[in-house]
Amino acid sequence: MTTFKLGVAAGMVAAAGLFAADVAEAQDQQFFSIGTGGLTGVYYPAGGAICRMVNRERREHGFRCAVESTGGSIFNINAVKAGELEFGVVQSDWQFHAYNGSSRFEEEPFPEIRAVFSLHPEPFTLVVRDDVDVDNFPDLAGLRVNVGNPGSGTRATMEVVLDAFGMTMDDFALAAEFAPTEMARQLCDGNIDAFVYPVGHPAAAIEEAATTCNAQVADVAGEPIEALVDERPYYAIAEIPGGMYPGNPDGATTFGVRATFVSREEVPEDLVYTVAKAVMENIDDFRGLHPAFGILEPEQMVEAGLSAPLHPGAERAYRELGLME
């Protein structure tokens, strides 16, 4: 009986020591948060991948990362601006508008926003039913098209594309406003002929449509798109690879934005340096954490889609790694 009591006591002392050590370690670490997006999108795993790269060395550098699921780009920019988040994943066009005080940031610009790196492309994707004849965007005239719900990024980009091609919503037989979670079902049920979706690939909604009813990915290309890309620095020509989705061996040419990783000027240089360096030094592991990251190249990540100045911490990391002169 005495031996058992001593063993329990010794175990309690040891456990208390371990707990104290864990508490001391936690107190020594500085916690920071990354704003991402919905749990089913690509932004959330992007934030998780960044945190994984940082946290594996947290005992050495003293920073510990957490991911928050948020409403996406606009929410993240506003939360970073308010100091509620240290970092956020945002579309490159909204990074541009925040820094330059344009679009919905015209009244409240955010010139202190700072770029850290870019992530995966988010092509403007046109998906059509297999029984309709659509090769390129203008072929949508006279069809039933899901244009995105009002206030969404999908709807805003759709309006830009329509204007580029000299078209309006009136050119469609129906301009539907289904949410992304409904698009594939509505397409396969025959209620719409096509939908558009700016998204990182592979995307669950497109996978569902291609698998369920052999939906096809079509081009959004030509001189109007080339002019659009030339005029707006946050857009770039994009390719959706053949074989990405079932029944789509040829892929498609389109355009789009990039997902970017941002902070604000006041965030400490050492923190941003640590995050940027952790991702770039472990890029091979990072690429393996989601299919959308497989094409990422560090040299491109420090330039593409970045329309705000680099944070000094990121710049220091990239100079050390030979990614900048």
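Tell me whether the range 118-137 contains one or more residues that are among the charged types (D, E, K, R), in contact (Cβ under 8 Å) with a residue 24 or more places away in the chain, farther than 30 Å from PHE32 by Cα and in a strand (DSSP E or B).
No, the range 118-137 has no match at all.
Quick one: would you say THR211 is surrounded by 20 or more Cβ atoms within 10 Å (Cβ to Cβ), polar (S, T, N, Q) and out of contact with any His (no Cβ under 9 Å at 6 or more places or on another chain)?
When the stated conditions are applied, THR211 does not pass them.
So which of VAL54, VAL8, VAL23, VAL13 is of a type outside the set (Gly, Ala, Ser), part of a helix (DSSP H, G or I), farther than 30 Å from TYR235 by Cβ and at pLDDT 95 or above?
Of the residues listed, the single one that is of a type outside the set (Gly, Ala, Ser), part of a helix (DSSP H, G or I), farther than 30 Å from TYR235 by Cβ and at pLDDT 95 or above is VAL54.
Could you list all residues from the range 269-322 that are of a type in the set (S, T, N, Q) and under 24 Å from HIS97 (Cα atoms)? Lay out the reasoning, then the answer.
The first filter runs over the range 269-322 and keeps only residues of a type in the set (S, T, N, Q), leaving 274, 282, 300, 307.
Of everything in the range 269-322, those that are of a type in the set (S, T, N, Q) and under 24 Å from HIS97 (Cα atoms) turn out to be GLN300, SER307.
Test THR274 against the criterion of being closer than 19 Å to ASN55 by Cβ and in contact with a Phe, Trp or Tyr (Cβ under 6 Å, 6 or more places away or on another chain), and give yes or no.
Yes: the conditions hold for THR274.
Does MET280 qualify as being closer than 20 Å to PHE117 by Cβ and in contact (Cβ under 8 Å) with a residue 12 or more places away in the chain?
In short, yes.
In this structure, does MET167 turn out to be within 22 Å of the chain's Cα centre (by Cα) and closer than 20 Å to GLY256 by Cβ? Give the steps one after another, and end with the answer.
Numbers: within 22 Å of the chain's Cα centre (by Cα): no; closer than 20 Å to GLY256 by Cβ: yes.
So MET167 does not fit the description; no.
The values are calculated or read from the model by the stated rules, or taken from the named source; none is laboratory data. Source: prediction; values computed, not measured. Every residue, glycine as well, gets a Cβ built from its backbone with ideal geometry; the counts of neighbours run over all protein chains shown.
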